[in-house]
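Asker: Questions regarding the structure given below will be posed in turn.
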Amino acid sequence: MAARSDERDSKSKTRVLKGTRLDLTLAAERVFATKGLQGATLREIREYAGQKNESVIHYHFGSREAIVESVLQLRSIPLDARRSEMLKQAHAEGDGLTLSAEQVARCCLMPLAEHLLDNAGTPGHYMRFLVQLRVDREIWRQFQGRYGLGLDECLAALHLSKPYTPPEIINQRFVSVVDIQLNGLAALEQIQHIKGPEFSHADAWARIEDLITLSASMIDAPLSPAALAAILSSKDRASRDEKGG
């Protein structure tokens, strides 16, 4: 099944890829999103891209991981640039003050939300691709530190804004926030495909704003005595282990 030309046109705006390599990258994004990174076959990707040559994926990419990376290069780089831009703007508007949890949550989510809803009416697959990637921890770890750098900036901003919250808690809550945001956007992406022209952008934006509110609430939630005691106990145990006691 050949990739639709309108999908190629609407998605190619994020990075310059051309010809067969672009077709294969877009096909991989779709197939990985719906079948999973391990469940998808290279044959399915090739056929969806309209390619008959059985060695075409090996020629252009060489491996499953390389075609996953091509999707990330296509999407993640411009999205992270947008996150960095939003963070800088938020800092400038705040006269250098630390950012609120709501501001950070918005910087995390909005680039993805804009990508999801600014697609010329053609539903995409990137949100579900990201969910599948985060589920497949073995592959996901291969790309840590190379992609998602805008998210790293958001996490750093949170640490600065909450100097009295244990770093372990901030890290844990941030991971949970990202997971909730991605799953929420992936659900909206699926609804786009189901409803087609009847999909309501107004309702989608309302859900996105609520996701931001929920994210900020999770970040700002007070630390329970039980959680604090567990953290202190863990640190004490680690300290004893280091000292051999």
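The values are calculated or read from the model by the stated rules, or taken from the named source; none is laboratory data. This structure is a prediction, so every number in the text was calculated from the model and none was measured. As a convention, Cβ positions derive from the backbone with ideal geometry for all residues, glycine included, and neighbour counts pool all protein chains shown.
Asker: Please state which one of Gly150, Gly124 is outside any helix (DSSP H, G or I) and either under 23 Å from Ile219 (Cβ atoms) or touching a Leu at 6+ places or on another chain (Cβ under 9 Å) (or both).
Answerer: Details: Gly150 fails: outside any helix (DSSP H, G or I).
Just a single option satisfies the conditions, and that option is Gly124.
Asker: Looking at the stretch 172-209, which of its residues are farther than 30 Å from Leu228 by Cα, polar (S, T, N, Q) and exposed (fewer than 15 other Cβ atoms within 10 Å of the Cβ)?
Answerer: Step one: of the stretch 172-209, the residues farther than 30 Å from Leu228 by Cα are 185-209.
Filter again for polar (S, T, N, Q), leaving 190, 192, 200.
If the condition is that a residue be farther than 30 Å from Leu228 by Cα, polar (S, T, N, Q) and exposed (fewer than 15 other Cβ atoms within 10 Å of the Cβ), then Ser200 is the only one that fits.
Asker: Of the residues that sit in the stretch 83-100 and are polar (S, T, N, Q) and out of contact with any Gly (no Cβ under 7 Å at 6 or more places or on another chain), which one is farthest from Leu158 (Cα to Cα)? Steps first, please.
Answerer: Of the stretch 83-100, the ones polar (S, T, N, Q) are 84, 89, 98, 100.
Next, only the ones that are out of contact with any Gly (no Cβ under 7 Å at 6 or more places or on another chain) stay: 89, 98, 100.
Working: Gln89: 16, Thr98: 8, Ser100: 8 Å.
Looking at residues that are polar (S, T, N, Q) and out of contact with any Gly (no Cβ under 7 Å at 6 or more places or on another chain), I get Gln89.
Asker: Scan the stretch 102-130 residue by residue and report those that are under 19 Å from Val177 (Cβ atoms) and either more than 18 Å from the chain's Cα centre (by Cα) or surrounded by fewer than 19 Cβ atoms within 10 Å (Cβ to Cβ) (or both).
Answerer: Glu102, Met110, Glu114
Asker: Looking at the stretch 1-51 only, could you name the residues that are of a type in the set (Lys, Arg) and modelled with pLDDT of 85 or more? I'd like the intermediate steps shown before the answer.
Answerer: Step one: list which residues in the stretch 1-51 are of a type in the set (Lys, Arg), which gives 4, 8, 11, 13, 15, 18, 21, 30, 35, 43, 46.
Those that are of a type in the set (Lys, Arg) and modelled with pLDDT of 85 or more: Arg21, Arg30, Lys35, Arg43, Arg46.
Asker: Can you run down the residue pairs with Cβ atoms below 7 Å, 6 or more apart or on separate chains, where the first is in the stretch 225-245 and modelled with pLDDT of 70 or more and the partner is charged (D, E, K, R)?
Answerer: Ile231/Glu168
Asker: Examine the stretch 150-166 for a residue that is in contact (Cβ under 8 Å) with a residue 40 or more places away in the chain, among the small types (Gly, Ala, Ser) and more than 19 Å from His115 (Cα to Cα), and state whether such a residue exists.
Answerer: yes
Asker: Regarding Ser100, is this residue of a type in the set (Ser, Thr, Tyr), at pLDDT 90 or above, out of contact with any Asp or Glu (no Cβ under 8 Å at 6 or more places or on another chain) and on the phi < 0 side of the Ramachandran plot? Spell out how you get there, then give the answer.
Answerer: Working: of a type in the set (Ser, Thr, Tyr): yes; at pLDDT 90 or above: yes; out of contact with any Asp or Glu (no Cβ under 8 Å at 6 or more places or on another chain): yes; on the phi < 0 side of the Ramachandran plot: yes.
For Ser100, the condition - of a type in the set (Ser, Thr, Tyr), at pLDDT 90 or above, out of contact with any Asp or Glu (no Cβ under 8 Å at 6 or more places or on another chain) and on the phi < 0 side of the Ramachandran plot - is met.
Asker: Being surrounded by fewer than 21 Cβ atoms within 10 Å (Cβ to Cβ), charged (D, E, K, R) and assigned to a helix (DSSP H, G or I) is the filter here; which residues of the stretch 30-83 pass it?
Answerer: Once the filter is applied, which keeps residues that are surrounded by fewer than 21 Cβ atoms within 10 Å (Cβ to Cβ), charged (D, E, K, R) and assigned to a helix (DSSP H, G or I), the stretch 30-83 yields Lys35, Arg43, Glu44, Glu47, Arg64, Glu65, Glu69, Asp80, Arg82.
Asker: Let me ask something else about it. Using the structure shown, decide if Pro163 is of a type outside the set (Val, Ile, Thr), part of a loop (DSSP other than H, G, I, E, B) and on the phi < 0 side of the Ramachandran plot. Working first, answer last.
Answerer: On the way: of a type outside the set (Val, Ile, Thr): yes; part of a loop (DSSP other than H, G, I, E, B): yes; on the phi < 0 side of the Ramachandran plot: yes.
Considered against the rule, which asks whether it is of a type outside the set (Val, Ile, Thr), part of a loop (DSSP other than H, G, I, E, B) and on the phi < 0 side of the Ramachandran plot, Pro163 comes out as yes.
Asker: Sort through Ile212, Ile219 and tell me the only one that's closer than 24 Å to Glu85 by Cβ, under 16 Å from the mean Cα position of the chain (by Cα) and in contact (Cβ under 8 Å) with a residue 24 or more places away in the chain. So that I can check it myself, show each step before the final result.
Answerer: On the way: Ile219 fails: under 16 Å from the mean Cα position of the chain (by Cα).
Ile212 is the lone residue from the list that is closer than 24 Å to Glu85 by Cβ, under 16 Å from the mean Cα position of the chain (by Cα) and in contact (Cβ under 8 Å) with a residue 24 or more places away in the chain.
Asker: Can you name the condition, by its number, that Lys88 falls short on among (1) surrounded by 14 or more Cβ atoms within 10 Å (Cβ to Cβ); (2) in a helix (DSSP H, G or I)?
Answerer: So the condition that Lys88 fails would be (1).
Asker: Report yes if Arg141 is modelled with pLDDT of 90 or more and either assigned to a helix (DSSP H, G or I) or farther than 23 Å from Gly19 by Cα (or both), otherwise no.
Answerer: Working: modelled with pLDDT of 90 or more: no; either assigned to a helix (DSSP H, G or I) or farther than 23 Å from Gly19 by Cα (or both): yes.
No.
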